[in-house]
Amino acid sequence: MEVFDGAGGCGALTSIGCNDDTCGLQSSVSVPVTTGSTYYIRVGGYAGDTGTFTLNINGPIGSGTVGTATSLGAGCIAKYASFFENFDPASAFDVNGAAVTLFPTLPGYVGVAVGTFQAPSAGATVLALGDDDEVTQPLAMAFPYDGGSATALTICSNGFVSVNSGNGSNYVPSVSELLNDPETSWRCWHDFNPSITAGGRVKFEEVGPIAYITWDGVWDYGGTSVADASTFQFQFDSSNGSVAYVWQNMSPNGGLTGTGFLVGYSPGGVSATPPQTDISVALSSSSITVEGVDLLPLSLLSTTRPVTGTTWNMSTGNIPGTGVIGVEILGLTNPGIPDLSIIGMPTCGLFASLDVLNVFLVTGPSHSWGLAIPAAASLVNQHVFASSAVFQVPPVNAFGAISSNGLDGKIGDL
């Protein structure tokens with residue numbers, strides 16, 4: 001266990017104490033600290049072990065009230081170029097027998113509940129895939145995808161297809177890897193092993209413009225019977241750039257490693273993290289929308305704490321390039337309105353009453369501002385609410401503005 005002075009931020013940590021096994025197999029560190037300062041604690045596992053742990057932290061009891069800033073609600077407008085649902089454990093998989101097809105909207109995709117499973121024919125190619133393995137399969141027709149064109153597809157035994165090699169063959173489904181791997185990919189990610197003698201195989205077949213890639217009864221890693229088998233299919237249609245996910249029946253057991261299923265799509269490179277999509281709900285009520293590019297919602301971050309005799313500093317971020325005029329909002333109450341559709345700002349909220357409004361000119365993707373707090377003891381434990389708004393040209397909604405999350409600043413003297 002190691003303790004760091006975090007005054008310089010995550011990129012400039014200074015170690016101030018480190019220990020291993022001071023009390024049996026447990027560790028203990030004692031370091032001097034300063035009120036209001038930031039410290040980081042790192043816990044390492046023996047021989048690379050990972051997992052949960054308990055930290056017991058204590059010290060002398062101080063006096064006074066610590067100022068805090070708590071985020072409220074969410075900003076708008078958010079659009080995401082990826083989608084996913086993490087079925088963990090494997091028994092949570094709830095789209096057996098269902099299908100979703102992503103149709104290109106140039107840019108982006110819209111996913112609708114259509115698709116029919118096509119059983120591999122006797123002439124389908126059995127791919128030479130081992131455990132945690134990948135192969136690159138040439139296509140008879142180039143496949144157009146959002147961002148490029150592929151003359152071959154790289155197929156990983158663990159349930160995903162990419163437009164090029166480079167995404168690896170990790171058997172552990174990871175949202176972070178899905179969203180940040182270098183190559184565009186479509187996934188039904190799980191720890192499969194198509195090399196088990198008694199199990200099924202991954203098969204490839206082209207019929208006209210459609211390439212069918214089928215996990216045909218492929219067993220979980222460590223699987224011992226057909227109860228551990230999964231059958232599903234990707235369909236890549238080179239005539240229109242659509243991709244279908246079609247599920248027959250997926251193993252509920254998780255295999256030897258106990259992995260779940262991660263279903264999703266993400267373009268190559270670093271992507272923003274979207275809220276998780278409940279695929280079954282989305283397909284039964286409407287559709288899945290995947291944007292061409294990520295658009296992060298307007299945000300408000302507290303860069304210091306609200307303490308008497310200081311300035312409570314904040315930063316409005318993710319300001320779009322179309323932003324022209326911004327507004328700093330301060331209030332003594334939180335209206336708690338999560339959706340302002342009534343005034344033409346759907347999905348935007350209001351989390352600070354409009355008691356003080358300060359206008360600023362947008363000059364970049366972020367704007368720093370603050371509130372000077374007098375050195376008055378009577379202000380301790382008082383709450384001040386903050387938010388931001390930005391007007392855009394051209395407007396993105398009827399009102400013409402987007403709003404950030406809110407901040408609940410409880411004033412302290414520490």
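The values are calculated or read from the model by the stated rules, or taken from the named source; none is laboratory data. Computed from a predicted model, the values in this text were never measured in an experiment. Positions of Cβ are backbone-derived with ideal geometry, glycine not excepted, and every protein chain shown enters the neighbour counts. Accessible surface is based on the protein model in full, side chains and every heavy atom, while ligands, DNA and RNA are left aside. Shrake-Rupley method; radii C 1.70, N 1.55, O 1.52, S 1.80 Å.
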Residue pairs qualifying under the 6 Å Cβ cut-off, at least six apart or on distinct chains, with the first in segment 346-366 being under 15 Å from Asn318 (Cβ atoms) and among the β-branched types (Val, Ile, Thr) and the second being in a loop (DSSP other than H, G, I, E, B) and at pLDDT 95 or above, are Thr347/Cys76; Val362/Ile319
Considering residues that are touching a residue at least 40 places away in the same chain (Cβ under 8 Å) and either within 21 Å of Glu291 (Cβ to Cβ) or surrounded by fewer than 20 Cβ atoms within 10 Å (Cβ to Cβ) (or both), the number found within segment 145-160 is 3
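Can you tell me which residue in segment 339-354 is farthest from the chain's Cα centre (by Cα), limited to those that are part of a loop (DSSP other than H, G, I, E, B) and surrounded by 19 or more Cβ atoms within 10 Å (Cβ to Cβ)?
Result: Ala352.
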Check your understanding: closer than 17 Å to Ser302 by Cα and either out of contact with any strand residue (DSSP E or B) (no Cβ under 7 Å at 6 or more places or on another chain) or crowded, with 20+ Cβ neighbours inside 10 Å (or both): does that describe Val327?
Key -> no
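Out of curiosity, is Pro365 open to solvent by 70 Å² or more (accessible area, probe 1.4 Å), at pLDDT 95 or above and under 28 Å from the mean Cα position of the chain (by Cα)?
Taking the combined requirement at face value, the residue satisfies it.
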When segment 30-53 is checked residue by residue, the ones that are of a type in the set (Ser, Thr, Tyr) and open to solvent by less than 90 Å² (accessible area, probe 1.4 Å) are Thr34, Ser37, Thr38, Tyr39, Tyr40
The strands (runs of 3 or more DSSP E) lying wholly within segment 37-147 that contain at least 1 residues that are closer than 30 Å to Gly241 by Cα are 83-87, 99-104, 109-112, 134-145
Scanning segment 1-29 for residues that are open to solvent by 80 Å² or more (accessible area, probe 1.4 Å), touching a residue at least 12 places away in the same chain (Cβ under 8 Å) and over 21 Å from Tyr46 (Cα atoms) gives Ala7, Cys10
Going through segment 371-386 in order, the residues found to be open to solvent by less than 70 Å² (accessible area, probe 1.4 Å) and not in a strand (DSSP E or B) are Ile373, Ala376, Leu379, Val380
The residue that is most open to solvent (accessible area, probe 1.4 Å), considering only those in segment 387-414 that are closer than 19 Å to Thr333 by Cβ and more than 26 Å from the chain's Cα centre (by Cα), is Lys410
Among the residues of segment 72-102, the number that are surrounded by fewer than 16 Cβ atoms within 10 Å (Cβ to Cβ), under 20 Å from the mean Cα position of the chain (by Cα) and either closer than 27 Å to Ile210 by Cβ or not hydrophobic (A, V, I, L, M, F, W, C) (or both) is 2
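Residues are listed down the side, and each one gets a yes or a no for (1) open to solvent by less than 50 Å² (accessible area, probe 1.4 Å); (2) in contact with a Gly (Cβ under 9 Å, 6 or more places away or on another chain); (3) within 30 Å of Pro374 (Cβ to Cβ):
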site	(1), (2), (3)
Ser286	no, no, no
Thr289	no, yes, no
Gly292	yes, yes, no
Thr303	no, yes, yes
Thr310	no, yes, yes
